[in-house]
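Inspection log for the structure reproduced underneath, given as structure tokens.
The values are calculated or read from the model by the stated rules, or taken from the named source; none is laboratory data. Treat the numbers as computed from the prediction; the structure is a model and nothing was measured. So basically every Cβ, Gly included, is an ideal-geometry build from the backbone, and we count neighbours across all protein chains shown. Note: accessible area is taken over every heavy atom of the protein model, side chains too, but ligands, DNA and RNA are not part of it. Shrake-Rupley method; radii C 1.70, N 1.55, O 1.52, S 1.80 Å.
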Amino acid sequence: MQRLGELEASVMDVLWDSAEPLRVRQVLEAINQHRDLAYTTVMTVLDNLHRKEWVVREMENRAYRYRAVATREEATAQSLRELLDASDDRESVLLHFARSVTEEESDILRRALRRKPGKR
């Protein structure tokens, strides 16, 4: 997955916060509570997100409904995975990260590692 621009991230936040697929108009109304965008701008952003495979769309009554392909958490984890994969020194990156986490985050990681089968 490619990284998101600021406007793309705003659109994805709206989709992630919705329990159902949304039309362009619905996304526009949610975003325009905080800024003033044109319908065509949001439509273009959603089309780009579809092309980048961040969203899927379904035709309903001559209008597309959009939904996120992955949850916010899954997308964030995928981004972290891509950053780690891009490093020539994964061990160093992981050690720097481990030193930066809070005690609570450290506990979460320990519990997850104890549950996780011997993958990667």
Portion, in percent, of the accessible area of region 24-98 that falls on carbon or sulfur, probe 1.4 Å: 50
Between helix 72-85 and the chain: long-axis angle, C-alpha atoms, 0 to 90°, nearest 10: 50
Accessible-area value, residue 71, 1.4 Å probe, nucleic acids and ligands omitted, Å²: 60
Among 68, 86, 77: highest mean-square fluctuation, GNM of the chain, C-alpha pairs under 10 Å: 86
Extension gain (nm, one decimal) between residue 25 and residue 106, 0.36 nm per residue minus Cα-Cα: 25.0 nm
Cα gyration tensor category, rounded, prolate or oblate, for the chain with a/c compared to 1.5: prolate
GNM top mover of 104, 91, 53 - the chain, alpha-carbon springs below 10 Å: 104
The chain, dipole about Cα centre (Lys/Arg Cβ +1, Asp/Glu Cβ -1), debye to the nearest 20: 460
Rounded if a/c under 1.5, otherwise prolate or oblate - region 78-120, Cα gyration tensor axes: oblate
Most fluctuating residue given options 100, 87, 79, as computed from a GNM of the chain linking Cα atoms under 10 Å: 100
